[in-house]
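*Asks:* Once you've had a glance at the structure underneath, I'll fire off some questions.
Values quoted throughout were computed directly from the atomic coordinates according to the rules given, and no laboratory measurement underlies them. Small disclaimer: the values here were computed from a predicted structure and weren't measured. Don't worry about glycine lacking a Cβ; one is built from the backbone with ideal geometry, like all the others, and counts go over all protein chains shown.
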Amino acid sequence: MVNDLNIASILVSAVQIYTWILIIYIFMSWIPNARESSIGQMIASIAEPYLAPFRKFIPPIGGMLDISPIVAIFALQFVQYGIIALFSMIG
């Protein structure tokens with residue numbers, strides 16, 4: 001049971017960290033040339049593979065407003081709730 005709780009907390013923490021990476025990546029789009037920096041490129045290499053499928057199915061609103069990261073973050077939150085529910089049923 002202790003191992004299950006450790007695994008659950010590690011998974012939940014990983015989802016939370018990834019959510020913060022996505023949020024930072026979104027805010028970087030508001031700062032000129034931030035995504036072109038080495039840190040911006042590193043964060044992009046982590047965030048873009050997850051965001052790409054959402055961008056395929058969710059077109060920008062008005063041609064400029066990309067809401068796919070918001071949907072992607074909601075999806076991560078559902079995954080987090082699923083992890084918590086799954087491990088609470090096991091434990």
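*Asks:* Quick one: in the stretch 1-17, which of the residues that are in contact (Cβ under 8 Å) with a residue 24 or more places away in the chain and among the hydrophobic types (A, V, I, L, M, F, W, C) is farthest from L76 (Cα to Cα)? Before you say what the answer is, go through the steps one by one.
*Replies:* Step one: list which residues in the stretch 1-17 are in contact (Cβ under 8 Å) with a residue 24 or more places away in the chain, which gives 1, 4-5, 7-8, 11-12, 15-16.
Cutting the leftovers down to among the hydrophobic types (A, V, I, L, M, F, W, C) gives us 1, 5, 7-8, 11-12, 15.
On the way: M1: 25, L5: 19, I7: 17, A8: 15, L11: 11, V12: 10, V15: 7 Å.
The qualifying residue farthest from L76 (Cα to Cα) is M1.
*Asks:* Here is a further query. List pairs: first residue in the stretch 18-46 and within 18 Å of A72 (Cβ to Cβ), second residue in a helix (DSSP H, G or I) and of a type in the set (S, T, N, Q) anywhere in the structure, Cβ distance under 9 angstrom, at least six positions apart or on different chains.
*Replies:* T19/Q77; T19/Q80; R35/Q41
*Asks:* Restricting to the stretch 43-58, and then to whatever is of a type in the set (A, V, I, L, M) and in a helix (DSSP H, G or I), can you tell me which residue is surrounded by the fewest Cβ atoms within 10 Å (Cβ to Cβ)? Please lay out each step first, then the result.
*Replies:* Residues of the stretch 43-58 that are of a type in the set (A, V, I, L, M), as a first pass: 43-44, 46-47, 51-52, 58.
Subsequent filtering for residues that are in a helix (DSSP H, G or I) retains 43-44, 46-47, 51-52.
Details: I43: 18, A44: 15, I46: 13, A47: 20, L51: 19, A52: 11.
Ranking the qualifying residues of the stretch 43-58, first place goes to A52.
*Asks:* Applying the selection to the stretch 47-68, what residues are among the hydrophobic types (A, V, I, L, M, F, W, C) and without any contact (Cβ under 8 Å) to a residue 24 or more places away in the chain? Spell out how you get there, then give the answer.
*Replies:* Taking the stretch 47-68 first, the residues among the hydrophobic types (A, V, I, L, M, F, W, C) are 47, 51-52, 54, 57-58, 61, 64-65, 67.
Matches in the stretch 47-68: A52, F54, F57, I58, I61, M64, L65, I67.
*Asks:* What residue, among those in the stretch 80-91 that are surrounded by 13 or more Cβ atoms within 10 Å (Cβ to Cβ) and out of contact with any Asp or Glu (no Cβ under 8 Å at 6 or more places or on another chain), is nearest to L22 (Cα to Cα)?
*Replies:* Kept after step one, since they are surrounded by 13 or more Cβ atoms within 10 Å (Cβ to Cβ), are these residues of the stretch 80-91: 80, 83-84, 86-87.
This time we only want the ones that are out of contact with any Asp or Glu (no Cβ under 8 Å at 6 or more places or on another chain), so: 80, 83-84, 86.
Numbers: Q80: 15, I83: 19, I84: 21, L86: 24 Å.
Result: Q80.
*Asks:* For the stretch 59-78, which positions are of a type in the set (A, V, I, L, M, F, W, C) and not in a helix (DSSP H, G or I)? Can you show your working first?
*Replies:* We begin by selecting, within the stretch 59-78, every residue of a type in the set (A, V, I, L, M, F, W, C); these are 61, 64-65, 67, 70-76, 78.
Across the stretch 59-78, the qualifying residues are I61, M64, L65, I67.
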